[in-house]
Amino acid sequence: VKDFASLYGTATYTESELSNVLARVKVTQESEMSNLQYYPQAKKVACFVATPIFEGPDLKGIVVVEIGNQGINEFVQDYTGLGETGETIVVSKIGYKAVFISPIRFDPEAVFKRKIQIGSNEGLDIQKAIKAEKITDITIDYRGQEVLVVWRYLPAFSLCIIVKMATKEVFASAKRLRNNLLRISFVL
């Protein structure tokens, strides 16, 4: 119990998602999950799941598991079926911002550096996604490209997964088919 108190005191001394989740578990005495946080020293993103340990009615400790974003990074960097312009973006709502929590195809350094202020005029597709509005849309993305966007908000994790591709690329095969049918019709 003495070690628990000193470790808890050390962890809660700094402002971090670990300290926040520990404080919430101590108050609610239920399992809690933290938001994601970027740790520049380790160059990684992590969240924490914490659950209290009781002996009878007494809180004896808190078990904390750190979950990294390596699996998310591998998932978003697989461009199979996304052509030349498609990409998968994972954002988390942190405060009043949509924060990119994984590298993206055209900005591998986006992790916790690329942020969109909710209510601003930028990244409207991402703002709609983080608000769990409409599932698909054709809009202008962060690069100024017209894109077809599909997303899914995961409220349990405060995450949104967005898949997008340039409309030129999406509709290119339909245009080719239409042109071929017109040529065949003209010849007939």
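Taken over region 74-96, the criterion of being more than 19 Å from I138 (Cα to Cα), of a type outside the set (V, I, T) and crowded, with 17+ Cβ neighbours inside 10 Å is satisfied by S92, K93. Residues in region 109-128 that are open to solvent by 10 Å² or more (accessible area, probe 1.4 Å) and within 18 Å of Y39 (Cβ to Cβ): E109, V111, F112, K113, R114, K115. Select from region 148-188 the residues that are open to solvent by 30 Å² or more (accessible area, probe 1.4 Å) and charged (D, E, K, R) and list them in ascending order. Selection gives R152, K168, E169, K175, R176, R178, R183.
Filtered by the rule that a residue be of a type outside the set (D, E, K, R) and surrounded by fewer than 17 Cβ atoms within 10 Å (Cβ to Cβ), region 63-72 gives V63, V65, I67, G68, Q70, G71. Scanning region 45-57 for residues that are open to solvent by 80 Å² or more (accessible area, probe 1.4 Å) and part of a strand (DSSP E or B) yields F54, E55. Those strands (runs of 3 or more DSSP E) of region 79-186 in which 1 or more residues are under 16 Å from the mean Cα position of the chain (by Cα) occupy 87-94, 97-100, 115-117, 146-154, 159-166.
The values are calculated or read from the model by the stated rules, or taken from the named source; none is laboratory data. All figures in this text were calculated on a predicted structure; none of them were measured in a lab. With ideal geometry, Cβ positions are generated from the backbone for all residues, glycine too; neighbour counts draw on all protein chains shown. Note: accessible area is taken over every heavy atom of the protein model, side chains too, but ligands, DNA and RNA are not part of it. Shrake-Rupley method; radii C 1.70, N 1.55, O 1.52, S 1.80 Å.
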